[in-house]
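**Student:** Below is the structure I would like to discuss, written out as structure tokens.
The values are calculated or read from the model by the stated rules, or taken from the named source; none is laboratory data. The structure presented is a predicted model; accordingly, all values stated were derived computationally and were not measured. Cβ sites come from the backbone with ideal geometry, for glycine too, and all protein chains shown count toward neighbours.
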Amino acid sequence: MTTQLGLAAKRRTLTTLFALAALAGCGGGGGDAGGTPVPPPLGGGNGTLRAWLTDAPACGYDSVHVSVEKVRVHQSASADEGAAGWSEIVLSPARRIDLLSLRNGVLSELGQTTLAPGRYQQLRLVLATNSAAAPLANAVRPSGEAEVELKTPSAQQSGLKLNVGIDIAANQSADIVIDFDACKSVLRAGNSGNFILKPVLQATPRFVTGVQGFVEAALIGPLTTVSLQQGGMAIKSTQPDATGKFVLQPVAPGSYTLVLAAPGRTTLTVTGVAVSGSSLTAIGSSAVPLLAPASASGNLVGSVSSAVAPIDALVRVTQSLTGGAMLEWTAVPVNASTGAYAHSVPVAAPLVAAYVPAPAPLVFASDNPAAGRYTVVATSGGITKSAGPLTLAAGATLTNNFTFP
């Protein structure tokens, strides 16, 4: 199984861990897949909520389609789907969106709704169901294979419930960007050819801040990822485009570690990347792209067993740098039927540079004590178990199995 970095949210069966700052007055930034102009704030004392969709990289898929019917919001965190007081963004007909087209800062606007001022604590994303009339409303195309149905549990018909904290102010607009992580949301069920949709979402205000840069031409491909991380967790990740350019946006202002990871290549890490102001922070350029030397690899394999079926578990591979900083090399769900996972990772010492503003060059140095040193972290049902740190040699395979609960 090939590896990918993903947004590192602990996975739950039909809900997500959701971190969302107050959104009143936020707007701008990012691309728009639909090209919809941004309207001015409404008058009359009400506010406006606009919803956007984006994606992180996917693991070995050529397309991942979901069909969005509604975005619903409510002021009560405990309101059920039939309660009074819901406000909705309705997409009629349901919009079928390829999540993999929403990368490198590209956003697709889902629509907007007018809301009375106040705090809204619950959001539900409602997906259409696959039917005889639309058998591939939600579907996945594994690389080099035919498109097949993404099976959705029946409980999703009431909407994917998210606890949020959205402040709507009179005569102002608030923009929410929903990051639908295709990599972590698609579970392969053994060798049956079936795939299960277990949505993993994260949301932020539509910040204008973020990071952009370029990677060398040899790294352009579906298995290369660039991520911004904090505390060893990927906050935002993407795949470079056909020119080698990457855009990580929207991202909240702050200090991040940038990680460039690709199979068979030395991992590049830039620490202390400053995201601030009203523009994108530059890391490299088309003339001076990020270069990742070749590296021998080793394999981290194993399985997760659980009394719950399908097996709902995420396996992360992390690496600690000298001085205590941690980076996440990958975060991918296990096989939903067998619980198996397999990751090929580089054993060369990661190259680390401290961030300096462009046009000053980044100066990389090998972190030799970190060479081939990894920890495998498995999470299922809110429980986390780990193995490591492990020392992996070139061509070697280390096996670690986890049992839950």
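**Student:** Out of the residues in region 241-252 meeting the condition of being within 18 Å of Leu99 (Cα to Cα) and in contact (Cβ under 8 Å) with a residue 40 or more places away in the chain, tell me which one is farthest from the chain's Cα centre (by Cα).
**Tutor:** The residue in question is Asp241.
**Student:** Step by step: first the residues of region 137-169, then only those that are among the hydrophobic types (A, V, I, L, M, F, W, C) and surrounded by fewer than 16 Cβ atoms within 10 Å (Cβ to Cβ), then the one that is farthest from Val126 (Cα to Cα). Which residue is that?
**Tutor:** It comes out as Ala146.
Conditions tested, residue by residue: (1) in a loop (DSSP other than H, G, I, E, B); (2) modelled with pLDDT under 95.
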{"residue": "Leu300", "(1), (2)": "no, no"}
{"residue": "Val304", "(1), (2)": "no, no"}
{"residue": "Thr338", "(1), (2)": "yes, yes"}
{"residue": "Ala349", "(1), (2)": "yes, no"}
{"residue": "Ala358", "(1), (2)": "yes, yes"}
{"residue": "Val363", "(1), (2)": "yes, no"}
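**Student:** Checking Gln319 against (1) surrounded by fewer than 21 Cβ atoms within 10 Å (Cβ to Cβ); (2) in contact with a helix residue (DSSP H, G or I) (Cβ under 7 Å, 6 or more places away or on another chain); (3) part of a strand (DSSP E or B): exactly one of these is not met. Which one?
**Tutor:** Against the list (1) surrounded by fewer than 21 Cβ atoms within 10 Å (Cβ to Cβ); (2) in contact with a helix residue (DSSP H, G or I) (Cβ under 7 Å, 6 or more places away or on another chain); (3) part of a strand (DSSP E or B), Gln319 comes up short only on (1).
**Student:** Further, regarding this structure: Go through the residues of region 91-111 one by one and say whether even a single one is in a strand (DSSP E or B), at positive phi and not assigned by TED's automatic domain parsing to the domain that holds Pro310.
**Tutor:** Within region 91-111, one or more residues are in a strand (DSSP E or B), at positive phi and not assigned by TED's automatic domain parsing to the domain that holds Pro310.
**Student:** Name the strands (runs of 3 or more DSSP E) wholly inside region 173-221 in which the number of residues that are out of contact with any Phe, Trp or Tyr (no Cβ under 9 Å at 6 or more places or on another chain) and among the polar types (S, T, N, Q) is 1 or more.
**Tutor:** Details: elements: 173-180, 186-189, 194-197, 201-205, 210-214.
Where strands (runs of 3 or more DSSP E) fall fully within region 173-221 and carry at least 1 residues being out of contact with any Phe, Trp or Tyr (no Cβ under 9 Å at 6 or more places or on another chain) and among the polar types (S, T, N, Q), they are 173-180, 194-197, 201-205.
**Student:** With respect to Asp179, determine if the residue is closer than 30 Å to Ala296 by Cα and modelled with pLDDT under 95.
**Tutor:** It is false that Asp179 is closer than 30 Å to Ala296 by Cα and modelled with pLDDT under 95.
**Student:** Please go through region 72-101 and pick out each residue that is touching a helix residue (DSSP H, G or I) at 6+ places or on another chain (Cβ under 7 Å) and either surrounded by 18 or more Cβ atoms within 10 Å (Cβ to Cβ) or modelled with pLDDT of 90 or more (or both).
**Tutor:** Within region 72-101, the first condition is being touching a helix residue (DSSP H, G or I) at 6+ places or on another chain (Cβ under 7 Å), and the residues that meet it are 81, 99-100.
Those that are touching a helix residue (DSSP H, G or I) at 6+ places or on another chain (Cβ under 7 Å) and either surrounded by 18 or more Cβ atoms within 10 Å (Cβ to Cβ) or modelled with pLDDT of 90 or more (or both): Leu99, Leu100.
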